[in-house]
Amino acid sequence: AEYLKQLSAFEKKERTVSFVGQIRKSYAMGRTWAGEDGIAAEESPTEQALKSLRRKAMLDHPALKFEKLIFLKREPVACNSYSDPGVCGSAGNLCVLSPLSADGKVTRLVEELEGGAFTRFSLSFDAKKLAFGYRKKGKGFRIYEIDIDPIAGKMIPGSLRQLTFDPAQKVPLYGGRGELGVDDMDPCYLPNGKIMFSSTRSERHVFCAGPSVTTLYLMDSDGKNMRRLSAGTLSEMEPCVMDDGRIIYTRWEYVDKGLGNGQSVWSVYPDGSSVDHVYKNSILRPAQMLHTCNIPGSQRLITVGAPHCGARAGGPVILVDNRTTRRSRQAMDCITPEIPY
């Protein structure tokens, strides 16, 4: 109630009303809150106070009353395409923030892997295991797993183990340009105990460039009985379990789309059956949606709007309710409009 009272006071100030209106208008037109030169406009004290209020309200939400947050820390990267494993190829580590505040302490979770490159991680349903993609310099990504103490927020010593390994035989790169290594990334724990992940083991390439294609794979919890789930010709990335048991992921394909509008949100059953379009198939902006997941206890989705190609794997955070529509922007609500697309 106190935050709503403060918000009402802001809304009475003409500058703030204009600021919010400009953000909404710019996002509706597919633009950023910036000038023609791409430099963000200077914020007024009222605008800064409004953002500060939002931050306080978010951190004070009852759903955020927990002590530890696991996150992936890595250096900014530049790449040609998000299908290229190079997008995940910068040094970093898995870290824990505790307590959940601006002045919380950050500690590294896997000290022995410091300096390598990490991809998206998955926390097991009992919060006692963590699976992630990792590669050493000059090597391909492989899936690793650790045991963690959820109370202490630390890795259990000696629990680091590798789940996927180099294939028995390297694949000749098309055009005779050497050999193709493989990358296993973005693991996702499934309710049946198996792990789904994306991999370049399908031996395919992007039509218009050199990067290898990632497709969805399934394996047992110990890395055995690996099998490919898809015959897709372009990349499938970042699987995530939804509340109803389906797996949601980003899929790149060119059916009924132009060059820069290929990465939409799709779903599949854990056994690889019943592939279905979820959202964005014919929407031009954002060109793709990354890191999509289901909000627990809800049918809504949260995702990141990113360009088709670019220097960073990021963009504004978008709330999606595809019950409204699966093929128009009416289902989108940008909740971080100050972040440029």
**Item:** Hits in the range 116-127 (condition: over 16 Å from C293 (Cβ atoms) and at pLDDT 95 or above)
**Value:** none
**Request:** State whether the residues of the range 215-230 include one that is within 28 Å of I339 (Cα to Cα) and not in a strand (DSSP E or B).
**Result:** no
**Request:** Determine, yes or no, whether P191 is touching a strand residue (DSSP E or B) at 6+ places or on another chain (Cβ under 8 Å), at negative phi, in contact (Cβ under 8 Å) with a residue 12 or more places away in the chain and surrounded by fewer than 19 Cβ atoms within 10 Å (Cβ to Cβ).
**Result:** yes
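One line per residue, one yes/no per condition, for (1) part of a loop (DSSP other than H, G, I, E, B); (2) out of contact with any strand residue (DSSP E or B) (no Cβ under 7 Å at 6 or more places or on another chain); (3) open to solvent by 10 Å² or more (accessible area, probe 1.4 Å):
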site: D271; (1), (2), (3): yes, yes, yes
site: S274; (1), (2), (3): yes, no, yes
site: H277; (1), (2), (3): no, no, yes
site: L284; (1), (2), (3): yes, yes, yes
site: H291; (1), (2), (3): no, no, yes
site: S298; (1), (2), (3): yes, yes, yes
site: V304; (1), (2), (3): no, no, yes
site: I318; (1), (2), (3): no, no, no
**Request:** Determine whether the range 295-313 contains at least one residue that is touching a residue at least 12 places away in the same chain (Cβ under 8 Å), more than 30 Å from S52 (Cα to Cα) and touching a Leu at 6+ places or on another chain (Cβ under 8 Å).
**Result:** yes
**Complete:** Restricted to the range 306-316 and to residues being under 13 Å from the mean Cα position of the chain (by Cα) and among the aliphatic types (A, V, I, L, M), the residue least open to solvent (accessible area, probe 1.4 Å) is A306
**Request:** Give the residues of the range 45-64 that are surrounded by fewer than 10 Cβ atoms within 10 Å (Cβ to Cβ) and closer than 14 Å to A9 by Cβ, sorted by residue number.
**Result:** P45
**Request:** Among the candidates L100, L109, single out the residue that is open to solvent by less than 30 Å² (accessible area, probe 1.4 Å) and of a type outside the set (K, R).
**Result:** L109
**Message:** Let me confirm something: among G262, G232, which residue is crowded, with 18+ Cβ neighbours inside 10 Å, small (G, A, S) and either closer than 21 Å to G140 by Cβ or modelled with pLDDT of 85 or more (or both)?
**Reply:** G232
**Asked** Looking at the range 161-179, which of its residues are within 23 Å of E238 (Cβ to Cβ) and either in contact with a His (Cβ under 7 Å, 6 or more places away or on another chain) or at pLDDT 90 or above (or both)?
**Response** R161, Q162, L163, T164, F165
**Prompt:** Taking into account only those residues within the range 238-259 that are buried (at least 19 other Cβ atoms within 10 Å of the Cβ) and of a type in the set (F, W, Y), which is modelled with the lowest pLDDT?
**Reply:** W252
**Request:** Answer yes or no as to whether M185 is at pLDDT 95 or above, of a type outside the set (G, A, S) and crowded, with 19+ Cβ neighbours inside 10 Å.
**Result:** no
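The values are calculated or read from the model by the stated rules, or taken from the named source; none is laboratory data. The structure displayed is predicted, hence computed values, not measured ones. Methodologically, a virtual Cβ is constructed for each residue, glycine included, from the backbone with ideal geometry; neighbour enumeration extends over all protein chains shown. Side chains included, ligands, DNA and RNA excluded: accessible areas come from the protein's heavy atoms. Shrake-Rupley method; radii C 1.70, N 1.55, O 1.52, S 1.80 Å.
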